[in-house]
Amino acid sequence: MKRIAIAILYFAILCSKKIIAQPHLPSYTEVAKEFFINYSHERKDSNDRVFFVKKKPGWYVRIADQYTDSVKNEQLFWAIQDNKYKPLNGFGPGISREEAAKKIKEGLQDSYGPFIYGFERCRYFGYNEWDNDMIKDFGGAIPENDTLLEGLARAYSSYADRYLMYQTGGYPFDNDSLKTKLAKGKIPGKERVAQFLACTNKAIDCYRRLGERNPGYRLLVGTPEMKLINEQFYQYQELRTYGYLEEAGRVMAAIKSNVIYSQIGHMYLDACPANSILISYGDNDTYPLWYVQAKEGYRKDVTVLNFQLLSTVQYLDMLKRNKEVVFSTDLSILKKINSDYFYFRDEAGQPAQLSAALAAFIEDIQKVKYPFPRQNDTIASYRTKEVIADINLALLKKICNQSNLVPLMSFELSDYMLLNDFILLDLLNMNLYTRPICVTTRMNLFSEKYMECEGSVYRILPLDENATAEKARIEILKISSFLAKHEKPVIVSYGDKQSPGYEDVLHGLHSTLFAVLISDYISLENLAKAKEWAGRYLANPDLKKLSPVIADLDVFESLIKAGYVDEGRLRIEEMAKKLSYPSRDYSAMSFFHSKEDLLDTLEYLEYILDRNKASTGTIEKIMDDIRKED
C-alpha cells in the first residue's frame with residue numbers, strides 16, 4: 001500500500017519560506033514535452049521504453065528495459081550547470097506539441113499522484129539509486145529547506161523498503177546481502193527488520209522536524225503530523241505482516257493520540273453493518289481504521305482489509321495465519337509462479353469461452369489451467385472476460401433482507417487482472433452469505449449497479465438494476481441516518497494565520513453524499529425533499545469554508561437540478577476560477593500537469609453547465625484567456 005493516495009489533490013504547492021532554496025529545474029512534464037517535440041525513439045527491443053530521470057547534474061533521458069531496468073542509453077538532457085537543454089544523439093525526429101501533450105497525458109493516466117509528486121518534492125528521482133543519492137548528499141545534516149527535508153524523509157522511507165519486499169522496483173546497487181530480493185512469502189530476518197526500522201525512524205524524525213518548524217506545510221497526504229503517523233503505521237503494517245508482533249506493539253504504543261484519525265475511523269466504521277468485511281484503499285482510509293480499532297478498541301467486529309496489500313503474498317499469508325478472513329486461494333501456488341497478475345488469452349484454434357462460473361474461474365486460476373510462459377516464468381491466464389456468480393437468495397437474505405436482490409452477479413474483466421482483484425472475487429465467493437462486504441471507495445471490479453451507498457461505505461450486493469426506486473429509498477434511509485450522526489466533514493488546515501487553507505481529508509465525502517441524496521429524491525420525483533437537502537448542503541457552515549474541488553462537481557450539478565440554479569452555477573464557476581488561478585503551477589498538487597489537462601477539465605465544467613442550460617459563458621472566457629498564454 002506504500003505511498004498510495006486515495007484521491008487527487010487540487011491545490012498549488014506551498015513554497016518553502018526558508019532562505020536556502022533548491023535549484024529550479026523544469027518539471028517532469030516540461031522535460032517530457034521538450035523531448036517528444038524534438039525527438040523520438042525507435043525501439044530495438046519491444047521491452048525498451050523512454051524514461052526521464054532527475055539526478056544531480058540535471059534531467060537525463062534514459063532508454064531502458066521496462067522489466068529489468070537494464071539501461072541501454074542515457075544522456076544528459078537539461079543541465080543544471082548551464083540552465084538549458086542539451087542536444088541528444090541517436091534519436092529520430094519529434095512530433096507536434098499537440099501530439100506530445102496527448103502522449104504524455106496517456107502515459108501518466110495510471111500514475112498521476114505519487115509518481116509526479118516524487119519528481120516535484122525530491123531533488124533526485126526516477127532511478128534505482130535516487131534514495132541512496134539523496135541520503136548521501138543531504139542526510140549529513142537537517143536541510144534548511146522544507147521541500148528538501150520532505151524529500152529526504154521520502155528517501156529514507158524508500159531506502160527502508162530495500163530491506164523487505166522492495167515492491168517499488170529497481171535492483172541492488174551494492175553487495176549488501178540484507179538488501180537482496182526476498183523470495184515470495186519469505187519472512188525477513190531480524191537484521192533486515194532492524195535496518196528497516198532504523199531507516200523509517202529517520203524518515204519519522206524528518207517529518208517531526210518539518211512539523212515543528214512548519215506545521216501548515218502541505219504534503220500529498222495531509223500535514224507533516226499526518227505523514228509522521230502514516231510512517232509509523234507503515235512500520236506497524238510491515239512488522240505485523242511478517243509476524244514481528246512484539247515490535248509492532250511497541251510501534252502502536254508510540255503512536256500519539258490524534259483527533260483527525262479518530263474522526264475518520266469512526267466515520268467509516270459507523271456505516272458498516274455488524275461483522276462486516278471492509279475493503280479500504282490507501283493510507284488515508286486504512287490507517288485511521290487501524291488506529292481506532294487498535295488504540296480505542298472500537299468496532300473490532302469489522303475486518304479491515306487493504307485493497308493494495310491484497311496484491312502481496314506476504315499480506316495474504318498473514319491473513320491466513322491469523323484467520324482474519326476466509327478465502328480459498330492456495331498461497332503455495334502464488335509463491336511458485338508469477339501471480340501478481342493474470343492474462344486474458346483467446347488462442348487461435350481454441351473454442352471461445354463466453355463466460356465462466358465464479359467458483360470454477362477461481363479454481364482454474366489457482367490450478368493454472370491455462371498456463372502462459374513469460375520471461376522464464378509461468379502466468380495463469382483465463383479465456384473469458386465474463387465471470388458469473390449464481391446467488392442463493394435464501395441464504396443471502398439471512399444477512400440482508402432486501403427486496404431488490406437478484407440471483408446473479410456478473411463481472412466484466414479486461415485483458416489482464418491484478419492479484420488483488422482476483423482476491424476480491426475469492427472473498428466475495430467465500431463470504432457473501434455470512435458477512436456483509438463493504439468498500440470505502442468505488443472499485444473497478446464492482447459495477448456501479450452492485451454498489452449500494454450506505455453512508456461513508458458502499459455495500460456490495462447483487463442488486464436489481466431495474467429496481468432503481470427501491471435502491472434510492474434504501475440509500476436515502478442509510479445516508480440521512482449517517483449524516484445525522486456525522487454532519488461535519490473531517491477538516492485539516494494548511495498554511496498559517498495570514499493565509500489559511502482548509503481541506504476535507506476525505507476528499508468530498510459529504511458533498512458526494514448530499515449529491516446522492518438529492519439525486520435519489522429527484523429520481524423518486526420528490527422535488528420538495530431534494531430541495532430541502534440542497535438547502536441543508538448550502539447552509540452547512542463547515543462545507544462553506546472549503547474551497548471547491550472536482551469531487552464537489554456532482555453536488556453542484558444536483559443543486560441546479562433541485563432548483564438552486566444560480567447557487568450551483570456560481571460554485572462551478574468558482575471552481576473553474578480557482579483551478580485556473582493566474583499564477584498557475586501545473587503539478588501533482590494542482591492535479592494539472594499541463595495547459596491541455598486544465599483545458600480538458602474546464603471544457604467538462606462548461607459541458608455540465610450547458611447540459612443543465614445554466615451556462616453564462618464565464619468558463620468559456622477563462623478558457624480563451626488560457627489559450628492565449630504562452
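The values are calculated or read from the model by the stated rules, or taken from the named source; none is laboratory data. Here the structure is a predicted model, which means the values were calculated and not measured. Positions of Cβ are backbone-derived with ideal geometry, glycine not excepted, and every protein chain shown enters the neighbour counts.
Does residue 452 meet the test of being touching a Lys or Arg at 6+ places or on another chain (Cβ under 8 Å) and either exposed (fewer than 15 other Cβ atoms within 10 Å of the Cβ) or of a type in the set (Asp, Glu) (or both)? So residue 452 fits the description; yes. Exactly one residue out of 42, 129 is over 26 Å from residue 203 (Cβ atoms) and more than 23 Å from the chain's Cα centre (by Cα), and it is 42.
Would you call residue 75 part of a loop (DSSP other than H, G, I, E, B), among the polar types (S, T, N, Q) and more than 22 Å from residue 172 (Cβ to Cβ)? It is false that residue 75 is part of a loop (DSSP other than H, G, I, E, B), among the polar types (S, T, N, Q) and more than 22 Å from residue 172 (Cβ to Cβ). In a residue-by-residue description of the range 72-91, the property of being touching a residue at least 60 places away in the same chain (Cβ under 8 Å) and outside the structural domain of residue 220 (by TED's automatic domain parsing) applies to no position.
Yes or no, residue by residue, for (1) more than 17 Å from residue 126 (Cβ to Cβ); (2) surrounded by 14 or more Cβ atoms within 10 Å (Cβ to Cβ); (3) modelled with pLDDT under 85; (4) basic (Lys, Arg):
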{"position": "140", "(1), (2), (3), (4)": "yes, no, no, no"}
{"position": "145", "(1), (2), (3), (4)": "yes, yes, no, no"}
{"position": "152", "(1), (2), (3), (4)": "no, yes, no, no"}
{"position": "158", "(1), (2), (3), (4)": "no, yes, no, no"}
{"position": "170", "(1), (2), (3), (4)": "no, yes, yes, no"}
{"position": "173", "(1), (2), (3), (4)": "no, no, yes, no"}
{"position": "181", "(1), (2), (3), (4)": "yes, no, yes, yes"}
{"position": "185", "(1), (2), (3), (4)": "yes, yes, yes, no"}
{"position": "193", "(1), (2), (3), (4)": "yes, yes, no, no"}
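Counting the residues of the range 373-387 that are surrounded by 16 or more Cβ atoms within 10 Å (Cβ to Cβ) and of a type outside the set (Val, Ile, Thr) gives 5.
Might you check whether a residue that is surrounded by fewer than 18 Cβ atoms within 10 Å (Cβ to Cβ), among the hydrophobic types (A, V, I, L, M, F, W, C) and in the same structural domain as residue 439 (by TED's automatic domain parsing) occurs anywhere in the range 303-317? No: zero hits.
Regarding residue 254, is this residue aliphatic (A, V, I, L, M) and exposed (fewer than 14 other Cβ atoms within 10 Å of the Cβ)? Working first, answer last.
Values: aliphatic (A, V, I, L, M): yes; exposed (fewer than 14 other Cβ atoms within 10 Å of the Cβ): yes.
The answer is yes for residue 254.
Among the helices (runs of 4 or more DSSP H) confined to the range 117-222, the ones with at least 1 residues that are in contact with a Cys (Cβ under 7 Å, 6 or more places away or on another chain), more than 24 Å from residue 30 (Cα to Cα) and touching a residue at least 24 places away in the same chain (Cβ under 8 Å) are located at 146-161. Within the range 489-501, the set of residues being touching a helix residue (DSSP H, G or I) at 6+ places or on another chain (Cβ under 8 Å) and part of a loop (DSSP other than H, G, I, E, B) comprises 489, 490. Could you go through the range 33-47 and let me know if any residue there is in a strand (DSSP E or B), within 28 Å of residue 172 (Cα to Cα) and in contact (Cβ under 8 Å) with a residue 12 or more places away in the chain. Looking for residues that are in a strand (DSSP E or B), within 28 Å of residue 172 (Cα to Cα) and in contact (Cβ under 8 Å) with a residue 12 or more places away in the chain, one finds none in the range 33-47, hence no.
Against the numbered list (1) under 22 Å from residue 460 (Cβ atoms); (2) surrounded by fewer than 23 Cβ atoms within 10 Å (Cβ to Cβ); (3) in contact (Cβ under 8 Å) with a residue 24 or more places away in the chain, residue 321 comes up short only at (1). Look at the range 465-485: where a residue is more than 19 Å from residue 401 (Cβ to Cβ) and a partner is among the aliphatic types (A, V, I, L, M) and not in a helix (DSSP H, G or I), sitting 6+ places away or on another chain with Cβ atoms under 6 Å, you get 482/271.
Quick one: would you say residue 300 is surrounded by fewer than 19 Cβ atoms within 10 Å (Cβ to Cβ), at pLDDT 95 or above, among the charged types (D, E, K, R) and in the same structural domain as residue 432 (by TED's automatic domain parsing)?
On the way: surrounded by fewer than 19 Cβ atoms within 10 Å (Cβ to Cβ): yes; at pLDDT 95 or above: yes; among the charged types (D, E, K, R): yes; in the same structural domain as residue 432 (by TED's automatic domain parsing): yes.
Yes.
Please indicate, with yes or no, whether at least one residue in the range 438-460 is hydrophobic (A, V, I, L, M, F, W, C) and in contact with a Cys (Cβ under 6 Å, 6 or more places away or on another chain).
First, the residues of the range 438-460 that are hydrophobic (A, V, I, L, M, F, W, C): 438-439, 443, 445-446, 451, 453, 457, 460.
Applying the additional criterion that residues be in contact with a Cys (Cβ under 6 Å, 6 or more places away or on another chain) yields 438, 457.
Within the range 438-460, one or more residues are hydrophobic (A, V, I, L, M, F, W, C) and in contact with a Cys (Cβ under 6 Å, 6 or more places away or on another chain).
Annotation note: of 270, 283, the sole residue that is of a type in the set (D, E, K, R) and crowded, with 22+ Cβ neighbours inside 10 Å is 283. Please name all residue pairs, on different chains or six or more residues apart, with Cβ atoms under 6 Å, provided the first residue is in the range 434-446 and is at pLDDT 95 or above and the second residue is outside any loop (DSSP other than H, G, I, E, B) and among the acidic types (Asp, Glu). Hits for this filter: 440/285.
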